[in-house]
Amino acid sequence: MAKGITKRSEDYSRWYLDVIAQADLAEHSSVKGCMVIKPNGYAIWEKIQGQLDKMFKETGHVNAYFPLFIPESLLRKEAEHVEGFAPETAVVTHGGGKLLEEPLVVRPTSETIIWSTYKKWIQSYRDLPILINQWANVVRWEMRTRLFLRTTEFLWQEGHTAHATAAEAEAETRQMLEVYRQFAEEYLAIPVHTGVKTESEKFAGAVHTYCIEAMMQDRRALQAGTSHNLGQNFARAFDVTFQNEDGVSDYVWATSWGVSTRLIGALIMAHSDDNGLIVPPRLAPLPVVVVPIWKSDDEMAAVISHVRELTASWKGKIDFKVDDRNQYRPGFKFNEWEKRGVPIRIEIGPKDIENKQAVIVRRDTGEKISIAQDQVLQVVLQKLQEMQEALFKRALEHRETYSFVVDDLEDFKKRIDEPGGFFWVHWCGAQACETKFQESSKSTIRLIPFDAQKEKGKCIICGSPSQQRVLVAKSY
RNA sequence: CGGGGCGUAGCGCAGUCCGGUUAGCGCGCCUGCUUCGGGAGCAGGAAGUCGGAGGUUCAAAUCCUCUCGCCCCGACCA
């Protein structure tokens, strides 16, 4: 049925790329590992930005912008940080035709440039907290790239906050993770687990890294957002101190948190089907398309004017588009809007006009119903709501179906490949055991959950006592 | 970095092994007519320095040398 889209069951990876191509979201650029985000893809990013930006502001944050270039010496100031990021940086060595005295790193993340600036802004506890977010592009010279999931240059937001106490920084870190969780579940319609990264998986330079992890349709995990408690690491590296209420000097406490255009990849892989993209209604740049149907030119004029009249009162209540292009036939349009993931399609033709009806079609289920024209808006709004909830529910059921509590190592090794999924296993906390997961099954500890009840058990690798289960999965 | 593949019209490809008229095909595009409730049909038309440089030859998309780039699969990562 769907031309140009490989079936998920045949080749999931190929399917993913086909969906992007057919929905016209993005394409490879002439620069290795970099993509051109096309209008259809960028519109989704704008929806994501709009909602997140609102949520950031509701939690007291403001936007600012720091430079793209970071003097190499700044990046080197925090030891762990440079070790983590130096291998994947792009470095500018020339400017204006001359060799630069000091090379400039194209930011892979902005902690260093920002903390070197915060040093100038902070003297007293009265200057705190600083709650800043920036929308930016960053560059990480990855070995292997995939559209949206991992590109050399990507768009993201990075929050960088400064606090007077450890407790406040911790609260901020957890608050922003909660913002991400809420956004993922309520807008992307993707259920996520929240928790702490292991020592080896945490952000370079952080004390703790918290994350949200989602399951894709191929049962692999995708890290969809991170929030880091940076402790006083960057304050020490950049010598950022403040005087507290008692006149005592201390280093400032820091957090940083981010989500990227990877969320578009998550959205595609979580919901779309063999007919193409499916966008959750709350993030759909175009939630509704109206396809008028006609035969003759006379009929065309009559149907279109009828549709215009009907939809006139919808303006301001819902975003929609009337597809009155004459060069395409209805079947072509149906297919095109499906590939693009528009949640609701409304068909209105001569028969419908005669019966004072309209046909409403839902993208995710294909459900097709006829509705009296004066009720269309109301029903469409209701269907959009239903679809948003249905997508979440379906994703949640999928995750639950492929989540397993496992205690036997052989059992784990067998099932991690087939069917794959999320595995809750006991882990003693030793890095040696963590490494064994990776070597034996190509899976990783995705997180140590916040919400799991304490449960005594034995590490699935070494048998040592364990206090709780952790989430293990193959990941992107 | 290892393994595989590719570069020919806007897109997808054939032609390359075995050199030889005017470099083809599908989709898309333009014009016209017929169509139009699930990817329209017919007719006509436009569109190419065959990734780049050098070489061999009467003759190169095709052979040789060099070179640039991209994609896919693995190890690193949001």
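Just a few scattered comments:
- Remark: the A:Ala79-A:Glu58 segment gains 4.1 nm on full extension, using 0.36 nm per residue and subtracting the alpha carbon distance.
- Potential extension, A:Ala430-A:Lys414 segment - 0.36 nm per residue separation minus Cα distance: 3.5 nm
- Each Lys and Arg Cβ is given +1 and each Asp and Glu Cβ -1; about its Cα centre, chain A then shows a dipole of about 780 debye.
- Residue order for A:His94, A:His208, A:His81, fewest other beta carbons within 10 angstrom first, comes to A:His94, A:His208, A:His81.
- Positive end of the dipole of segment A:403-473 (Cβ unit charges, origin at the Cα centre): among A:Thr435, A:Phe423, A:Gln467, the Cα lying farthest that way belongs to A:Gln467.
- Paramagnetic label zone (point 7 Å from Cα along Cα-to-C-beta, A:Cys34; backbone N under 18 Å) in segment A:79-122: A:88-97, A:104-109
- Among A:Val259, A:Val91, the order by Cβ neighbours within 10 angstrom, fewest to most, reads A:Val91, A:Val259.
- Simple spin-label estimate for A:Trp135 and A:Asp319 gives 1.3 nm between the two label positions (7 Å along the Cα-to-Cβ direction from each Cα).
- Partners for A:Lys3 among aspartates and glutamates (Cα-Cα distance below 17 Å; same-chain residues under 8 apart left out): A:Asp11, A:Asp18, A:Asp24, A:Asp273, A:Asp274, A:Glu336, A:Glu338
- Förster radius 30 Å - calculated FRET efficiency between A:Val405 and A:Glu367 (Cβ-Cβ, nearest 0.05): 0.25
- Computed extension length for A:Val91-A:Ala452: 125.6 nm, one decimal, from 0.36 nm per residue of separation with the Cα-Cα distance subtracted.
- Subset of A:Lys38/A:Lys321; A:Lys38/A:Lys333; A:Lys47/A:Lys383; A:Lys77/A:Lys436; A:Lys57/A:Lys383 violating a 23 Å alpha-carbon distance limit: A:Lys77/A:Lys436; A:Lys57/A:Lys383
- Here the label points at A:Met300 and A:Phe332, each 7 Å from Cα along the C-beta direction, are separated by 1.2 nm in the simple model.
- Between segment A:242-294 and segment A:121-149, the alpha-carbon center distance in angstrom: 15
- Cα long-axis angle, helix A:330-339 against chain A (0 to 90 degrees, to the nearest 10): 10
- Reduced Cα scattering model of chain A, Debye log10 I(q)/I(0), q = 0.09, 0.11, 0.13, 0.14 Å⁻¹: -0.71, -0.98, -1.23, -1.35
- Near A:Trp257, once Lys and Arg are set to +1 and Asp and Glu to -1 for all other residues with Cβ below 9 Å from its Cβ, the sum equals -2.
- With the simple spin-label model, which puts each label point 7 Å out from Cα in the Cβ direction, the A:Gln175 to A:Asn355 separation comes to 5.5 nm.
- Once the Cα atoms are used to define both axes, helix A:376-401 deviates from the longest principal axis of chain A by about 50 degrees.
- Computed per residue of chain A from DSSP H runs no shorter than four, each worth -39500 (n - 2.57), the mean residue ellipticity at 222 nm is -11000 deg cm²/dmol.
- Relative exposure of A:Trp337, A:Trp427, A:Trp294, A:Trp135, judged by other C-beta atoms within 10 Å (fewest first): A:Trp135, A:Trp294, A:Trp337, A:Trp427
All of the numbers you see were taken from the coordinates with simple rules; none came from a lab. Remember, predicted model here, so these are calculated numbers, not experimental data. Note that each Cβ is placed from the backbone with ideal geometry, even for glycine, and that neighbours are counted across all protein chains shown.
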